[in-house]
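Inspection log for the structure reproduced underneath, given as structure tokens.
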Amino acid sequence: MRRRRTGALLALGATLAAGLVTGCGIRTTSVPVDAGAAPSRVPCSVRGGADVSAAQGVPLRVYLLCGAQLEAVDRRAPLPEEKVSGDPVRTASALLAQLESEPSDEERQAGFSTAVKGPLVVTAGHKGDPAGTLRLSRQPEDLPPTALAQIVCTFAESAAGASGAGGDSVVLGGPGTYEPRRYSCPRELKERPESAVPSAPATAS
């Protein structure tokens with residue numbers, strides 16, 4: 001009799017425990033759940049920038065890819081500052097060379113890469129182009145979206161940009177007779193550089 005009463009009490013306790021678990025919204029399962037690997041994180045930061053210890057050269061800022069976004073990196077161009085300052089084409093050429101170069105070991109460890117591949121040359125605009133136009137040796141629309149995003153954001157926020165240093169747009173054209181367009185670098189493009197780069201017709205001045 002005592003054994004039957006003990007068994008009944010144990011069964012009742014198990015039923016109550018199951019009810020409490022269900023009431024709390026927790027469902028038990030015997031199937032293992034794979035939540036997936038934890039998302040990988042990269043620092044996207046280089047202490048002091050790359051090559052900042054160079055004795056000569058002008059400091060430049062370029063946009064590289066890191067964590068599927070565009071992040072600014074400080075570099076130094078191997079050119080005397082007087083040869084770059086005040087000359088948008090020289091500035092753009094120095095920036096383009098930096099974008100085409102492979103990231104340093106420190107930058108790679110921080111997660112940086114570049115989609116800009118050479119050979120790619122930048123020259124001044126054609127006769128009749130809007131002031132500040134830069135012409136690339138390839139049509140901008142023919143470049144991979146991420147590469148164009150890197151170039152536009154880098155040029156736009158430099159002295160090579162259409163609005164000067166600190167601007168958010170640049171007028172770019174290709175080697176042919178196609179009219180150049182004004183490309184902009186909003187925050188959304190930096191967050192999703194694989195998307196289409198915003199552009200509009202450039203007005204001659």
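The values are calculated or read from the model by the stated rules, or taken from the named source; none is laboratory data. Bear in mind the structure is a predicted one, so any value in this text is a computation, not a measurement. Note that each Cβ is placed from the backbone with ideal geometry, even for glycine, and that neighbours are counted across all protein chains shown. For the accessible areas, the whole protein counts, side chains as well, though only heavy atoms, and no ligand, DNA or RNA atoms are used. Shrake-Rupley method; radii C 1.70, N 1.55, O 1.52, S 1.80 Å.
Some observations on this one:
- For Pro145, net neighbour charge (Lys/Arg +1, Asp/Glu -1) across residues whose Cβ lies under 14 Å away: -1
- To put it simply, the accessible area of region 89-205 at a 1.4 Å probe is 52 percent carbon and sulfur.
- Computed label-point distance, nm, for sites Thr203 and Leu120 using a 7 Å Cα→Cβ extension: 2.9 nm
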